[in-house]
Protein chains: 2
Amino acid sequence: MLQPSGLEWTDPECPVARAADLVGDKWTLLIIRDSLDGKRRFSEFEKSLGVAKNILSDRLRLLVDRGLLARIPNQSGTRSQYELTDAGRDLFTLILSLRQWGERNAFTAGESHSVLIDPSTGQPVPEVRPLSADGQELGPDQALLVKVGQPLPEAAR
Amino acid sequence: MLQPSGLEWTDPECPVARAADLVGDKWTLLIIRDSLDGKRRFSEFEKSLGVAKNILSDRLRLLVDRGLLARIPNQSGTRSQYELTDAGRDLFTLILSLRQWGERNAFTAGESHSVLIDPSTGQPVPEVRPLSADGQELGPDQALLVKVGQPLPEAAR
DNA sequence: ACCACTTGGTTGCAACATGCAACCATTCTG
DNA sequence: CAGAATGGTTGCATGTTGCAACCAAGTGGT
């Protein structure tokens, strides 16, 4: 499990809250975006994000500490690379959800934006959607939050 | 489209970045989580999140301004409710991705956490996964970022 | 070998955001 | 009608962000 040093969970029982504690920050999300896109060097992130160096330095340190990135030092001791760990790579679904929500809701019809292509089809990556076990689309009104310690509802037993 | 007043996009061409500008903040994400869970009143958010009132007040104002929540005033002019707009409800996939990533990566095997149940099956909501058009699972290495203005790769034409 | 440039940072400082506590006008509740 | 709860706002101390300057180690060109 990810075990960040000196981080108090905002709401320890909720996976959404733990995830938000770990990656719920603009620069953190954009660093992960760039990492998934293959970027690994300090200067690549800096150029792509336009973020202040001290902030980038801080976020990279946090991401390494939290187990999302691994710092691979160069043989000469400097110019390390930052590579996604398994937990970091597992954020692909999240970043894709962010991207597709942004495409649907933060652009007007005429505006162009970058696109993720599936090279096997040449088409944009299909939208990720929550599905019920029977393959039906699942919306927020069909999902029921069960708090920890609470008995499962009748239907779930 | 969402048209927040006085917000400069960090990276206008990237949907991930626009989305991060709009919802890439811990409290914002947790307010959306609670809204999807049916909470609508100031005090409900306050109690659930444990956030300072001025911060909650600020985030609710931003969310309304950005078009993710609608403020429904009470007839008496006070005690309004905050309801998700369509764009806000569309964040269900994102919050679910956050939740499932958190479940996979921010808990040890023994730790318990809240769960989303699909009442139609009684089982936890299945994991959302990016799929290729042919139904194969799609990972970060199989997706290709195409920047705006850049020609589509050969395969996509 | 030398000099300039790039990389990957750190430090100092000003401005802004966050969080706590106190306060307050309404509005429910008994 | 008194008291509590609701939905905030304000002030202040502390923390975070972002800019600019600086710097040491490596890299490249001659």
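The values are calculated or read from the model by the stated rules, or taken from the named source; none is laboratory data. Remember, it's a predicted structure, so these values are computed and weren't measured experimentally. Cβ coordinates were reconstructed from backbone atoms using ideal geometry, including for glycine residues, and neighbour counts include every protein chain displayed. Just the protein is used for accessible areas: all its heavy atoms, side chains included, with ligands, DNA and RNA removed. Shrake-Rupley method; radii C 1.70, N 1.55, O 1.52, S 1.80 Å.
What the table shows:
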read-out: Cα principal axis extents for region B:15-89, largest first, Å; value: 40, 25, 21
read-out: Accessible area buried between chains A and B, both sides summed, probe 1.4 Å, in Å² to nearest 100; value: 7100
read-out: Alpha-carbon centroid distance for the pair region A:44-122 / region B:1-74, whole angstrom; value: 23
read-out: Whole-Hz couplings from phi, Karplus 6.51/-1.76/1.60, listed for region B:99-110; x for Gly and Pro; value: 4, 6, 5, x, 4, 6, 10, 10, 10, 7, 4, x
read-out: Residue-wise HN-Hα coupling along region A:115-126, computed from phi with Karplus coefficients 6.51, -1.76, 1.60 (Hz; x: Gly, Pro); value: 9, 9, 10, 8, x, 5, 10, x, 9, x, 4, x
read-out: GluC sites (Glu not before Pro) within region A:3-101, DSSP loop, no more than 10 other Cβ atoms inside 10 Å; value: A:8
read-out: Average beta-carbon neighbours from other chains, 10 Å sphere, peptide B:143-150; value: 6
read-out: Positive dipole terminus of region B:15-89, leading residue within B:57, B:70, B:28 (C-beta point charges); value: B:57
read-out: Percent of Cα-Cα distances greater than 22 Å, calculated over chain A; value: 56
read-out: On Cα atoms only, tilt of B:26-36 relative to the major axis of chain B in degrees; value: 80
read-out: Helix-only [θ]222 nm of the protein assembly as shown, DSSP H runs n ≥ 4, -39500 (n - 2.57) each, per residue, nearest 500; value: -11000 deg cm²/dmol
read-out: Label spacing, shortest first and in nm, from residue B:61 to its equivalents in the remaining copies (7 angstrom along Cα→Cβ); value: 3.4
read-out: Protection proxy ranking, peptides B:19-28, B:49-58, B:33-42, average beta carbon neighbours within 10 Å, highest first; value: B:19-28, B:33-42, B:49-58
read-out: Overall dimensions of the protein assembly as shown by Cα: Rg and Dmax, Å; value: 19.7, 70
